[in-house]
Amino acid sequence: QVQFVESGGGLVQPGGSLRLSCAATLTPFSVYRLGWYRQAPGKPRELVADSTNGGVTDYADSVKGRFTISRDNAKSTMYLQMNSLKPEDSAVYYCNFRFVSQDTPWGQGTQVTVSS
């Protein structure tokens, strides 16, 4: 079974930066379209950014210009560089396939808290 392991979250002040990592047991990692998602308390999970196997990226309007998704296929790892963080970015962040169903398993995620 595929596993996604997220890391790199933490507490940061507004305007600060964090870099999240996602390690996946996918072989071959390079062929899959993957995404970063987040879920804040009381809200549904939302797609934040995604990356195709060809390196094409897309972002939610709320994070465009602030977040950058990247991947190192040789290391089977994906990243999310988050700059100019806002309190509304606070959430648990997850990585997974770009297209998921209700039955898609999720990892534990990594908590991001933006607060002064």
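The values are calculated or read from the model by the stated rules, or taken from the named source; none is laboratory data. Here the structure is a predicted model, which is why all the values come from computation and not from measurement. Positions of Cβ are generated from backbone atoms using ideal geometry, with glycine treated the same way; all protein chains shown enter the neighbour counts. These accessible areas exclude ligands, DNA and RNA; they are computed on the full protein's heavy atoms, side chains included. Shrake-Rupley method; radii C 1.70, N 1.55, O 1.52, S 1.80 Å.
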Given an 8 Å cut-off on Cα distances and at least 6 residues of separation, report the relative contact order of the range 47-91 as a percent.
27 percent
Simple spin-label estimate for S17 and T57 in nanometres, 7 Å along Cα-Cβ
1.2 nm
What residues qualify as long-range amide H neighbours of D58, i.e. H under 5 Å apart, gap of 5 or more or another chain, H built at 1.01 Å from N?
D50
Tell me the accessible surface of F97 in square angstrom (1.4 angstrom probe, heavy atoms of protein chains only), to the nearest ten.
50 Å²
Surface accessible to a 1.4 Å probe, per residue, for the residues of the chain, Å²
54 Å²
Grab the Cα-Cα distance for A74 and V2, subtract it from 0.36 nm times how many residues apart they are, and report the gain in nm with one decimal.
24.2 nm
Just to check, using Stokes-Einstein with a Kirkwood Rh over alpha carbon pairs, what's the diffusion coefficient of the range 50-95 at 37 °C and 0.692 mPa s in µm²/s?
281 µm²/s
If you take every residue apart from P28 with its C-beta less than 14 Å away from the C-beta of P28, what net charge results, scoring Lys and Arg +1 and Asp and Glu -1?
+2
Rounded to the nearest percent, how much of the accessible area of the range 1-41 (1.4 Å probe, protein heavy atoms only) is carbon and sulfur?
52 percent
How high is the relative contact order of the chain, given as a whole-number percent (alpha carbon pairs under 8 Å, six or more residues apart)?
37 percent
Accessible surface, 1.4 Å probe, highest first, among residues R19, R71:
R19, R71
At q = 0.12 Å⁻¹, base-10 log of I(q)/I(0) for the chain (Debye sum, equal scatterers on each alpha carbon):
-0.38
With charges only on Cβ, +1 for K and R and -1 for D and E, what is the dipole size of the chain about its Cα centre, in debye, rounded to 20?
120 debye
Considering only DSSP beta bridges whose two residues both sit in the chain, what percent are antiparallel, to the nearest 5?
90 percent
Here the net charge surrounding T113, from other residues whose Cβ is less than 14 Å away from its Cβ (Lys, Arg +1; Asp, Glu -1), is 0
At a 1.4 Å probe radius, which order do Y59, Y93 fall into by accessible area, largest first?
Y59, Y93
Between beta-carbons, use under 11 Å as the cut-off and find the net charge around Y94, counting Lys and Arg +1, Asp and Glu -1.
0
